[in-house]
Amino acid sequence: MKRCSRCGQLNDAGSAFCEQCRQPFPQGVNHAGYLATAHRVYGCFSLLLVLGAMLGEVIFLISFRHTLLRFLEEILKELFDLDVSLVQMGPLILGLIILLITAMIGALFTLPFFATARAIRRNKPWLKLAGVISVLVSIMAFPFGTALSFYTLWYIFAGPGSRPALQQSDR
Ligand SMILES: [Zn+2]
C-alpha cells in the first residue's frame, strides 16, 4: 500500500494514479508531468501563431482592402451578374468573416493541447479522445508536433495513460 501525498487515500502498491483524487504517483520518469507540460508549451506556441496570423490578416486587409473588394465585385458580376458595390459596404464585414474563420481554425489547433494537458494531469476518462485529436492536429507538424504526437500515442495507448481510470466520480 502507498499513501497519496495529495489527499491521504491508501492505494495499492502498483497503482499509477490515486483512486480518490487521480493524482499520478511518481514512477521513476514522470511521463505525465513531461507530456502535460509539452502539450501546454505546444498549445501556447500554436496560440501565438494564430494571433500572429490574425494580426497579419488585419494588416493585409487594411493595406489591400480596395483591391480585394474590387476583385470580389468583379467575380460577383461575372458569375452571378450581381452589380454590388462592396467598397461602399466597407471592408468591415469581409474582415470580420476572415478573422472569425481564422479564430475557429485557431481554436482547433490550440484547444486540444490544453485539454490533453489537463486530461493527463487528472487522468480524465476522455484522455484518449483529447490525445487522439491533438495527435491528428499536430502529427504533420515536423519535427516538434510529430515528436509530441508519438510521445502522446505511446502514453495513451501503451504508457501510463493506457490504464483505465479507476473511478468516474471526478468527471
Ligand atoms: Zn489522492
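Read the figures in this text as sums done on the coordinates, not as results from a lab. Just so it is clear, the structure is predicted and the values come from calculations on it, not from any experiment. Positions of Cβ are generated from backbone atoms using ideal geometry, with glycine treated the same way; all protein chains shown enter the neighbour counts.
Quick one: compute the contact order of the chain, relative version, from alpha carbon pairs under 8 angstrom and 6+ residues apart, as a percent.
24 percent
Evaluate the charge dipole of the chain about its Cα centre and quote only its size in Debye, nearest 20, assuming +1 on the Cβ of each Lys and Arg and -1 on the Cβ of each Asp and Glu.
The dipole of the chain has a size of about 1220 debye.
Using just the helices of the chain, give the 222 nm mean residue ellipticity in deg cm²/dmol: DSSP H runs with n ≥ 4 each add -39,500 (n - 2.57), and the total is spread over all residues, rounded to 500.
-21500 deg cm²/dmol
Quickly rank 118-124, 80-86 as a protection proxy: mean count of other C-beta atoms within 10 Å, highest first.
Top of the packing list down: 118-124, 80-86.
How far apart, in nm, are the 7 Å Cα→Cβ label points at residue 96 and residue 76?
It works out to 1.6 nm between the two label points.
Give the average over all directions of the projected area of the C-alpha convex hull of segment 30-162, one decimal, in nm².
Convex hull of Cα atoms, orientation-averaged projection: 10.1 nm².
Given a cut-off of 14 Å, what percent of all Cα-Cα pairs of segment 96-156 lie beyond it?
56 percent
Once label points are set 7 Å from the Cα along Cα→Cβ at both residue 58 and residue 21, what is their separation, rounded to one decimal in nm?
4.2 nm
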